[in-house]
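Trainee: There's a structure below that I have some questions on.
The values are calculated or read from the model by the stated rules, or taken from the named source; none is laboratory data. Small disclaimer: the values here were computed from a predicted structure and weren't measured. Cβ placement follows ideal geometry from the backbone for every residue including glycine, while neighbour counts extend to all protein chains displayed.
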Amino acid sequence: MADPSRRRAVAMVAAALAGLALIAGPAASKSASPSAPALYAHVQAAAGAKVYLAQCAQCHGEHLEGGVGPALKGPNLVRLAKKTKLAVGDMFSFLALQMPLNAPASLSHDQYVQVMAYILQSNGYPAGAKSLTYDGAMKSSVVMTTYGK
């Protein structure tokens, strides 16, 4: 049979390891969660905010919260995106070809990309070094969600 002091030492090491697992567990799961991809440049989102206010806010709300048109950020968008697996490309395609409702496809390609960048920014996607392109937005398979918002 093992010496009592040895059993006590083993028990203390086991308790210490269990404590570390409890402390590290939540931190490890946070770092393992997927991070938001950088799909646009900051300057695009800034320009998109202006275009959005002029062309979209009357239906979708000043802060993308929804109104006559659906919300473009937050829990309602996330619910829709999860249910339908709504990708950035799907949303952008609808935006660029069907919006604004009273004048579909009336904005420039750059303006549609800027508005999409603003929507992404408003949903917690970080800006990156590369600019979002019209073709890149159309083809994006990144599923829409909200990061930290």
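Trainee: Select from region 121-149 the residues that are among the small types (Gly, Ala, Ser) and either buried (at least 16 other Cβ atoms within 10 Å of the Cβ) or not in a loop (DSSP other than H, G, I, E, B) (or both) and list them in ascending order.
Mentor: Selection gives SER122, ALA127, SER131, GLY136, ALA137, SER140.
Trainee: Moving to a separate point now. Out of (1) under 22 Å from ALA41 (Cβ atoms); (2) of a type outside the set (Phe, Trp, Tyr); (3) assigned by TED's automatic domain parsing to the domain that holds ALA49; (4) not in a helix (DSSP H, G or I), what's the single condition that is false for ASP110?
Mentor: (4)
Trainee: Something else now. Pull up region 64-79, narrow it to residues that are in contact (Cβ under 8 Å) with a residue 24 or more places away in the chain and assigned to a helix (DSSP H, G or I), then point me to the one that is surrounded by the most Cβ atoms within 10 Å (Cβ to Cβ).
Mentor: LEU77
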